[in-house]
Amino acid sequence: MAALATLSAPAAWAKATPVKPNPARVAKPEAVPKPHQVQSRSAPLAQGRTALLPFQTAPFPYGGVDPGSGHPFFDVVNETGRRGHTTPYGRLYWEDETYHDNRVLLHIPKGFDIRRPSVIVVFFHGHGATLERDVLRRQHVADQITRSGANAVLIAPQFAVDAADSSVGRFGEPGAFGRFMGEATQALTKLHGDRRSALSFASAPVVFVAYSGGYVAAATCATKGGLKKRLRGVVLLDALYGELGKFTSWIENDRSAFFVSAYLGSTRDKNVELAGILASKDIAYETELDRPLNQGDVTFLSGASGGEDVSHRSFVTRAWVDNPIQDLLQRLPGFRR
C-alpha cells in the first residue's frame with residue numbers, strides 16, 4: 001500500500017506508516033454509495049434546473065450560541081443596536097453584511113432520472129465566497145455535476161458572505177443539518193416538477209464536498225448532522241485545516257463510507273497527521289485515486305500532481321485533475337444517468 005511518507009514528510013512520520021491492516025477491521029469493498037431504485041413513470045429531465053432559494057433551516061441568519069466558545073454568536077453590539085461576530089482570528093463581521101443570506105443553491109442536471117439510483121452532493125464553500133460569483137461562475141460546481149454524467153443533484157448553502165470565517169451557524173445544533181436536508185427534499189421536489197421525485201430525494205445517499213474553510217461545516221455535519229448511514233462519503237479539497245478529531249471519529253465509526261482528502265502545501269501537514277492517526281488505528285489508506293471509489297476507502301491525494309499551475313484558489317476546478325468534482329462522481333459507477 002502506498003504511504004503518505006513518500007511526500008517527503010518529517011522523519012517522525014515514518015513511525016506512522018500503516019502496516020497491513022487487520023482483516024477483521026477492514027470493511028469488504030463494495031460499490032458506494034449503495035444504489036437504490038425508484039419505481040416511477042417520470043421521464044428524465046429535458047432541461048437542467050438551477051435555483052437560488054431561501055431556506056428557513058439555512059445556517060444563517062443565526063442568533064444562537066457559538067459552538068466553539070459557548071458564548072453568544074453575536075458578541076458585539078454597537079450604539080445603534082447593530083450586531084457583530086468576532087472570529088477566532090479577531091476579525092469583526094456585521095450581521096447585516098455577512099450573516100444574513102439564507103439562500104441555498106440547488107441544481108438538477110439535464111437528464112436526471114428519478115427512476116435510476118441517484119446521489120446528492122452537498123457543497124460547503126470556503127472563505128470569501130458567494131454562491132453566484134464563486135460556486136456557480138468561478139468554480140463551476142453545478143457544471144461539473146452536469147458534465148460528470150452522474151445521476152446527481154447539488155445542494156450548496158450560503159455561509160458567511162464573502163468573509164474569512166468558517167462559522168457554521170445553525171448547523172452547529174445537533175440534528176439541524178438533518179432538518180435542513182428535509183427542507184431540501186421539498187425544494188428539490190418542487191424544482192424537479194414531479195411530486196414523485198420526493199422519494200428519490202428523501203432517500204438518496206449524500207456525499208459532502210468541502211473546499212478550504214468549508215472543512216468545519218463538513219466535520220460538524222458529519223458528526224452531529226443526524227444523517228447517520230445516509231452520509232456515504234466526505235471529500236476535502238485542500239480543506240483539512242483542522243477538526244482532525246471529528247474526521248477521525250466519523251471515519252472510524254462508519255467504515256462503509258469513503259473519505260478523500262486532496263491537498264497542497266498549506267494542508268499537507270494536517271493530512272500527514274490524520275493519516276498517522278488512522279494508521280495507528282489500523283485503518284488502511286491509499287495515496288492514489290486510480291480506480292472506482294469503494295466502501296471504506298480512505299485516500300490522501302496530492303493535488304500537486306495536477307501541474308505547476310495548481311493553486312489553492314483554483315483547486316475546485318484544477319487539482320490532481322481538471323474538474324475534480326466531476327472526476328470523483330465518475331468514480332461512482334452505480335450512479336450514471
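The values are calculated or read from the model by the stated rules, or taken from the named source; none is laboratory data. Not measured: the values here are computed from a predicted model. Cβ coordinates were reconstructed from backbone atoms using ideal geometry, including for glycine residues, and neighbour counts include every protein chain displayed. These accessible areas exclude ligands, DNA and RNA; they are computed on the full protein's heavy atoms, side chains included. Shrake-Rupley method; radii C 1.70, N 1.55, O 1.52, S 1.80 Å.
Within segment 191-219, the set of residues being open to solvent by less than 10 Å² (accessible area, probe 1.4 Å) and of a type in the set (Ser, Thr, Tyr) comprises Ser197, Ser200. The condition (being under 18 Å from the mean Cα position of the chain (by Cα), at positive phi and not hydrophobic (A, V, I, L, M, F, W, C)) is satisfied by just one residue among Gly296, Gly303, Gly307: Gly296. The residues of segment 221-270 that are within 21 Å of Arg331 (Cβ to Cβ), free of Cβ contacts under 8 Å to residues at least 40 places away in the same chain and not small (Gly, Ala, Ser), listed by number, are Lys229, Arg230, Leu231, Val234, Leu236, Leu240, Phe247, Trp250, Asp254. Screening the candidates Leu240, Leu236 for the property of being open to solvent by less than 10 Å² (accessible area, probe 1.4 Å) and either closer than 19 Å to Phe55 by Cβ or in a loop (DSSP other than H, G, I, E, B) (or both) yields one hit, Leu240. Filtering segment 202-211 to residues that are touching a Lys or Arg at 6+ places or on another chain (Cβ under 9 Å) and not in a loop (DSSP other than H, G, I, E, B) leaves Ser203, Val206, Val207. Restricting Asp290, Asp282 to residues that are over 19 Å from Gly214 (Cα atoms) and without any contact (Cβ under 8 Å) to a residue 12 or more places away in the chain narrows the list to Asp290.
The condition of being part of a loop (DSSP other than H, G, I, E, B) and surrounded by 24 or more Cβ atoms within 10 Å (Cβ to Cβ) holds for only one of Phe171, Phe159, Phe177, Phe123, that being Phe159. When segment 298-326 is limited to residues that are in a helix (DSSP H, G or I) and touching a residue at least 24 places away in the same chain (Cβ under 8 Å), the one that is most open to solvent (accessible area, probe 1.4 Å) turns out to be Ala304. Take Gly149 and decide whether it is surrounded by fewer than 24 Cβ atoms within 10 Å (Cβ to Cβ), small (Gly, Ala, Ser) and under 27 Å from Tyr93 (Cβ atoms). For Gly149, the condition - surrounded by fewer than 24 Cβ atoms within 10 Å (Cβ to Cβ), small (Gly, Ala, Ser) and under 27 Å from Tyr93 (Cβ atoms) - is not met.
Filter segment 262-297 for residues that are in contact with a Gly (Cβ under 7 Å, 6 or more places away or on another chain) and surrounded by fewer than 20 Cβ atoms within 10 Å (Cβ to Cβ) and give the result. Scanning segment 262-297 gives a single hit, Leu264. Can you tell which of Ala164, Ala217, Ala187 is over 19 Å from Thr57 (Cβ atoms) and aliphatic (A, V, I, L, M)? Sole residue among the options that is over 19 Å from Thr57 (Cβ atoms) and aliphatic (A, V, I, L, M): Ala164.
Screening the candidates Asp113, Asp165, Asp96 for the property of being under 20 Å from Ala198 (Cα atoms), touching a Lys or Arg at 6+ places or on another chain (Cβ under 8 Å) and of a type in the set (D, E, K, R) yields one hit, Asp113. Before we move on, is Thr98 polar (S, T, N, Q), surrounded by 17 or more Cβ atoms within 10 Å (Cβ to Cβ) and more than 18 Å from the chain's Cα centre (by Cα)? The answer is yes for Thr98.
Within segment 38-95, restricting attention to residues that are of a type in the set (S, T, N, Q), part of a loop (DSSP other than H, G, I, E, B) and free of Cβ contacts under 8 Å to residues at least 24 places away in the same chain, the residue that is surrounded by the most Cβ atoms within 10 Å (Cβ to Cβ) is Ser69. Annotation: of all residues in segment 150-182 being among the β-branched types (Val, Ile, Thr) and closer than 21 Å to Pro324 by Cα, the one that is farthest from the chain's Cα centre (by Cα) is Val153.
Screening Arg133 with (1) open to solvent by 60 Å² or more (accessible area, probe 1.4 Å); (2) at pLDDT 95 or above; (3) more than 20 Å from Ala198 (Cβ to Cβ); (4) outside any helix (DSSP H, G or I) gives one miss only, at (4). Residue-level check: of (1) open to solvent by 70 Å² or more (accessible area, probe 1.4 Å); (2) touching a residue at least 12 places away in the same chain (Cβ under 8 Å), Gly128 misses just (1).
In the set (1) touching a Lys or Arg at 6+ places or on another chain (Cβ under 8 Å); (2) within 20 Å of Asp143 (Cα to Cα), the condition left unmet by Val321 is number (1).
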